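Remarks on the structure that follows.
The values are calculated or read from the model by the stated rules, or taken from the named source; none is laboratory data. Quick caveat, the model's predicted, so the values are computed rather than measured. Glycine gets a Cβ as well: all are built from the backbone with ideal geometry, and neighbour counts include every protein chain shown. Accessible surface is based on the protein model in full, side chains and every heavy atom, while ligands, DNA and RNA are left aside. Shrake-Rupley method; radii C 1.70, N 1.55, O 1.52, S 1.80 Å.
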Amino acid sequence: MNWEDVVRESGKPMEWPYPVRYGVVNDVDVDVVVLGGGPGGCMAAISAAKKGCTVALLDKAYPKRSGGGSGFDHWLNTPNPASSITPEDCVEWEAVTYKGYSNSLSRYIAAREAYDTLIEIEKMGAKIRDLEDEFKGAPFRDEKTKFLFCYDYENRFQFRVWGATFKPAMFNECLRLGVKVFDRVVATSLLTEGGRQGARVVGATGINMRTGELYVFRAKATINAMSCHQTSWRFSTESIGLDMFKPNITGDGPAIMWRAGVELAQMERSRAAVPPGYEYPSYGTGNWWNTWHPATMVDANGKEVPYVDAKGNTVPVEERCKPKPGQKFIAERSRDPRYSKPAMPSDLAERIRKGEFVLPLYADLTSMPWYERKAIWGIMVGNEGRTKIPVLVNYEAAGFNSARDMLQNYFTVSGEPYPSMDATLALGPYRMEAFGNGGEVVVDWDLRTNLEGLYAVGDAILAGNYYYHACATGRYAGRKAAEYAAKLSGAPLIDGAQVENEKARVYAPTKRRPGKDWIDWKELRFAGARAMQNYCGGLRNEGLMKTGLKWVRDIKEEHYPEAYASNPHILLRVLETYNILTVDEVILQACMARKASSEVLGHFRQDYPEIDPPEWRKWVTIKQAGGETKIGELPLDFHGDLAGNYEAHNPDYKGYLKKKRS
Amino acid sequence: MKKRETQIDDPGQRCYAFPNKPTPSMPVVIDETKCTGCNKCVNICTTDVLVENPEKGKPPIILYPEECWYAGCCVGECPVPGALTMRHPLMMRVHYKNKETGEIKRV
């Protein structure tokens with residue numbers, strides 16, 4: 001039943017079902033506190049606990065399924081016994097594809113340790129091999145290890161795994177190791193030495209979204225595993241959850257980091273997108289994207305729409321996951337001809353308009369070899385974030401049979417969940433924050449931020465992306481944070497005034513009473529999104545963005561203080577709104593600081609129309625010091641010598657690649 | 001004008017001054033004859049769409065339906081088959097076609 005039925009049944013409004021304890025403060029003392037319980041956060045907690053640390057793990061939801069969704073389909077960039085791909089290869093394709101705007105430092109760390117991480121998660125109970133020989137004889141199966149691969153069946157460094165089994169396994173491991181789990185507790189601020197911005201991090205505060213209780217975590221090391229920001233441009237007051245991205249990713253991480261003086265970079269990067277409410281179930285339509293690659297596509301009359309390689313040659317089904325002559329290997333998301341998958345023809349929209357293919361298109365798995373059909377519909381669809389129950393189970397329950405039926409595609413020349421296929425949307429107002437590879441925290445070879453005691457993992461890292469990267473960097477940062485904590489003698493000091501100020505900020509929305517102008521969080525978020533659409537959209541200039549920044553600051557300073565929270569759930573939404581508006585300010589300032597246009601960054605300026613001029617081939621960094629915005633820059637190759645730096649920072653690490661090399 | 005009173009099947013239903021429900025308003029359907037009120041779905045939901053029923057042992061309550069992300073974690077966690085069903089809103093229902101017969105249906 002819903003709340004309306006409750007009222008109808010009981011004849012009275014429903015009271016909040018949990019005890020409300022505003023003002024109750026819980027003091028927690030640990031060696032390491034991990035903010036965020038997704039795959040990266042869980043692996044960080046496990047890794048620190050294995051080093052003997054006491055660990056607290058906070059999460060907005062329940063870490064058994066939180067973070068990456070209910071699963072994932074592919075585990076990428078992993079040198080392994082069935083492959084000759086090196087960590088250098090894994091770093092290379094992204095650096096080439098994104099013209100240097102990929103974080104080779106964290107990518108290299110991840111590639112070096114991704115196989116060890118995968119095997120460790122297997123030991124926790126996740127399924128990564130075809131032990132039942134379900135795919136015996138399939139061209140993507142390594143018969144010795146029973147690993148299954150995708151995208152490139154020859155080079156075999158991108159795994160198909162049963163991703164829905166991962167999160168429960170990692171969560172159980174956290175519990176087994178005695179990690180103190182605080183579910184439904186969301187970090188609201190970092191605590192710093194003396195309460196000073198830019199000083200050593202000594203813990204964090206958090207709020208429980210059911211009881212409203214406050215938590216003060218005192219920790220020798222703090223790990224930011226709170227993902228990125230993905231909610232600045234797109235908002236629908238009603239269909240909040242009907243979005244490609246998890247509605248939980250409200251930029252709490254970057255906003256909290258910003259307030260504490262952490263250095264962020266590449267916050268100006270974005271790309272075209274559609275607003276929430278217009279998508280079909282993710283991976284629940286017939287398509288040819290990653291999860292569904294290499295599904296055969298046909299038109300309304302059954303005519304096949306050919307896959308073509310970079311030169312425009314038709315690629316038959318058995319060749320779609322093999323590199324072409326001149327290609328080093330195929331990499332999942334690369335559009336660079338050196339690594340790209342065969343795909344639908346680039347002039348498909350035009351050919352549809354001219355009538356060569358009749359709408360609608362369908363994905364036709366029925367005509368594909370059994371192993372391809374079973375891999376797409378069963379492993380990939382079935383393990384990717386929102387596909388097990390919503391698509392695999394529900395569609396079959398409704399009568400869909402992948403061996404008999406073709407699933408409709410909604411590439412109707414405009415629209416579909418993947419707007420980047422459609423050039424007409426590229427300059428539209430709805431941006432999204434880069435779909436991985438976005439802005440966020442600058443880290444060093446210990447995955448430490450510019451603040452002592454603070455580390456970052458996964459999508460919280462500058463240009464971070466992908467599940468394997470979250471797990472591998474989480475495991476690495478947990479180890480580094482534990483080593484740092486072990487060197488400190490006593491527990492750090494918490495600044496009482498800093499806690500008091502944060503307490504007042506967090507509870508302020510509960511103390512207000514609805515006045516004549518009171519505004520709710522949805523209206524604030526809607527206004528913030530509109531400001532970003534109109535003043536920081538597909539085409540920008542200095543004056544436009546100045547007005548945008550003024551508008552966002554007006555919303556934050558003039559109208560936010562009127563927002564009222566009637567219960568702890570709504571209190572969290574109000575606090576998230578403050579964080580989104582904070583991130584908007586950072587994005588606008590970063591966009592103003594990059595006085596050049598850039599194709600890769602999706603940043604187009606009327607006042608600086610030249611695309612990617614050589615003097616702007618660098619990252620723009622942004623942070624606060626003494627409450628003032630400081631803009632800086634970072635060379636794209638700030639990682640230096642990859643192998644040399646990795647070895648220097650990890651002389652004692654023993655893993656698969658080290659054994660292989662020696 | 002002449003007013004006539006006629007019989008209807010279910011008289012006496014109280015009419016409340018409800019505001020509009022948000023859309024979509026029913027992301028999951030609970031079969032209250034099967035639900036044991038264990039709250040496992042409430043616990044696993046990543047956006048707190050569901051809350052516990054104030055009455056122990058009774059089915060949970062869908063309080064924030066517009067925040068549902070349609071991950072289906074709740075259904076995956078439910079110990080009673082058929083007690084909980086995830087429901088995509090109508091505008092998200094996808095069509096499929098039987099290759100041999102050409103018959104078109106939707107999920």
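Below, the figures for the structure above:
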{"item": "The protein assembly as shown, accessible area per residue, ligands and nucleic acids excluded (1.4 Å, Å²)", "result": "38 Å²"}
{"item": "Label-point gap, in nm, between A:Lys550 and A:Trp370 - each point 7 angstrom along Cα→Cβ", "result": "6.9 nm"}
{"item": "Carbon/sulfur fraction of accessible area - the protein assembly as shown, other protein chains in place, 1.4 Å, %", "result": "51 percent"}
{"item": "Peptides A:35-41, A:46-52, A:201-207, A:325-331 ordered by average Cβ neighbours within 10 Å, highest first", "result": "A:35-41, A:201-207, A:46-52, A:325-331"}
{"item": "Top positive-direction residue, dipole computed over the stretch A:512-618 with Cβ charges, set A:Pro561, A:Cys591, A:Ala529", "result": "A:Pro561"}
{"item": "Where A:Asp130, A:Asp637 fall by accessible area, highest first, once all protein chains stay in place (1.4 Å)", "result": "A:Asp637, A:Asp130"}
{"item": "Net charge of neighbours whose Cβ lies under 10 Å from the Cβ of A:Lys50, counting Lys and Arg as +1 and Asp and Glu as -1", "result": "+1"}
{"item": "Shielding by partners - mean other protein chain Cβ count within 10 Å, residues of A:386-395", "result": "6"}
{"item": "A:Ser489-A:Asn645 FRET efficiency (beta carbon distance; Förster radius 35 Å; 0.05 resolution)", "result": "0.75"}
{"item": "FRET efficiency for A:Asn301 and A:Glu4, using Cβ-Cβ distance with R0 set to 45 Å, rounded to 0.05", "result": "0.45"}
{"item": "Contact order normalised by residue count of the stretch B:28-106, Cα under 8 Å, 6+ apart, percent", "result": "31 percent"}
{"item": "Spatially proximal lysines relative to B:Lys97 (Cα-Cα < 29 Å; intrachain offsets below 8 disregarded)", "result": "A:Lys303, A:Lys341, A:Lys354, A:Lys374, A:Lys388, B:Lys105"}
{"item": "Nearby lysines by direct alpha-carbon distance to A:Lys659 (threshold 27 angstrom, same-chain neighbours under 8 apart not counted)", "result": "A:Lys50, A:Lys51, A:Lys123, A:Lys127, A:Lys144, A:Lys146, A:Lys328, A:Lys480"}
{"item": "The stretch A:561-575 and the stretch A:141-195: distance between their alpha carbon centers, rounded to Å", "result": "32 Å"}
{"item": "Contact surface A-B: accessible area buried, both sides summed, square angstrom, 1.4 angstrom probe", "result": "5300 Å²"}
{"item": "Percent RCO, i.e. relative contact order, over the stretch A:512-618, from Cα pairs under 8 Å lying at least 6 residues apart", "result": "31 percent"}
{"item": "Mean Cβ neighbour count within 10 Å, used as a protection proxy, ranking A:8-15, A:344-351, A:369-376 highest first", "result": "A:369-376, A:344-351, A:8-15"}
{"item": "For residues of B:27-35, the mean tally of beta carbons on other chains within 10 Å", "result": "1"}
{"item": "Lysine pairs with alpha-carbon atoms under 25 Å apart, the stretch A:512-618, spacing 8 or more or separate chains", "result": "10"}
{"item": "Peptide A:238-251, shielding by other chains (average Cβ, 10 Å cutoff)", "result": "5"}
{"item": "For the protein assembly as shown, radius of gyration divided by Kirkwood radius, i.e. Rg to Rh on alpha-carbons", "result": "0.96"}
{"item": "Globularity ratio of chain B, using Cα Rg and 2.2 N^0.38 Å", "result": "1.48"}
{"item": "Cα-projected label distance for B:Tyr16 with A:Ala593, points at 7 Å along beta-carbon direction, nm", "result": "5.1 nm"}
{"item": "Protection proxy ranking of A:580-593, A:352-365 - average other beta-carbon atoms within 10 Å, highest first", "result": "A:580-593, A:352-365"}
